[in-house]
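This report refers to the structure that appears directly beneath it.
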């Protein structure tokens, strides 16, 4: 079921950051190739990916550690919850009881918060949760040389490379099917300004535990970094960002991209097909 532009504006943030827009535009294009089914989302934040999935006919649930984040999702998606199309769950996904098999496991800026053991557990849990023929989609921060104050404040354990992401998937029973660097060069141009804004607004979070920084990472309020005046909608929208979206795709193999998008499928599915 599609929502009108008026409803989308009412139910979503007034204006999205340029990097977020570029990631969502890429995800939307990739999702057109996948028939809608059931999804599990981990770390939904404000619900932008949730909204995109629901708009395209998917049904499912989102897991988050932070009760306030889940409460906001329940308010934003009250209609979909009433229609039994969506559930917001305040629970640790890795420690949760496996539910109904799903066609898509999706996470955005989640895996980097996990230590090595938790990261492997996340991959194995996702493997167990997936239905035959399903896939995982993930977006993670990349380019370790661009580690900065935002990584510290958000409670990150790592930034990924193409090599480390391939090793992670192979080691945990996945086959990497698609890999693309996103937001380059826009996010790189804006990185010095971003670091300044984050440092000015959120430096005090460095005193929090890594877990608390992780919980708060999905509901950050940094002026001109995560929140923008409504007037900037005129320049921060899918239409005006389209040339930069195409530029992003042109440089999708750049090692300097600050975000990696990946799709993976279970190796066991490939073995069944081969047999």
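Taken together, the values in this text are just the output of simple stated rules run on the coordinates, not laboratory data. In this text the structure is predicted, and so the values were computed from the model without any measurement. Here the Cβ positions follow ideal geometry from the backbone for every residue, glycine too, while neighbour counts run over all protein chains shown.
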How would the range 149-192 be classified by its alpha-carbon gyration tensor: rounded, prolate or oblate, with rounded meaning a/c under 1.5 and the a/b versus b/c comparison settling the rest? oblate
Gain upon complete extension [residue 207, residue 170; 0.36 nm per residue less C-alpha separation]: 9.7 nm
Set the Förster distance to 30 Å, then compute FRET efficiency between residue 230 and residue 91 from the Cβ-Cβ distance, nearest 0.05. 0.30
Out of all DSSP beta bridges in the range 5-274, what portion is antiparallel? Express it as a percent rounded to 5. 40 percent
Take the chain, connect every pair of alpha-carbon atoms lying under 10 Å apart with a spring to form a Gaussian network, then pick out the residue of 26, 63, 239 with the largest mean-square fluctuation. 239
The range 19-70 shape via C-alpha gyration tensor axes, a/c threshold 1.5: oblate
If I build a Gaussian network model for the chain, linking alpha-carbon pairs within less than 10 angstrom, which residue out of 80, 29, 263 has the largest mean-square fluctuation? 29
Centroid-to-centroid separation of the range 53-72 and the range 94-138 [C-alpha atoms, Å]: 15 Å
Most mobile of 202, 83, 91 in a GNM of the chain (Cα contacts under 10 Å): 83
Quick one: length gained pulling residue 240 to residue 56 fully straight, 0.36 nm per residue minus the C-alpha distance? 64.0 nm
Among rounded, prolate and oblate, which fits the range 7-164 when a ≥ b ≥ c are the square roots of the eigenvalues of its C-alpha gyration tensor, a/c under 1.5 means rounded, and a/b larger than b/c means prolate? rounded
How large are Rg and Dmax for the range 5-274 when only the alpha carbon atoms are used, in Å? 17.8, 55
If I take R0 = 22 Å and measure r between the Cβ atoms of residue 124 and residue 157 in this structure, what FRET efficiency does the formula 1/(1 + (r/R0)^6) give, to the nearest 0.05? 0.80
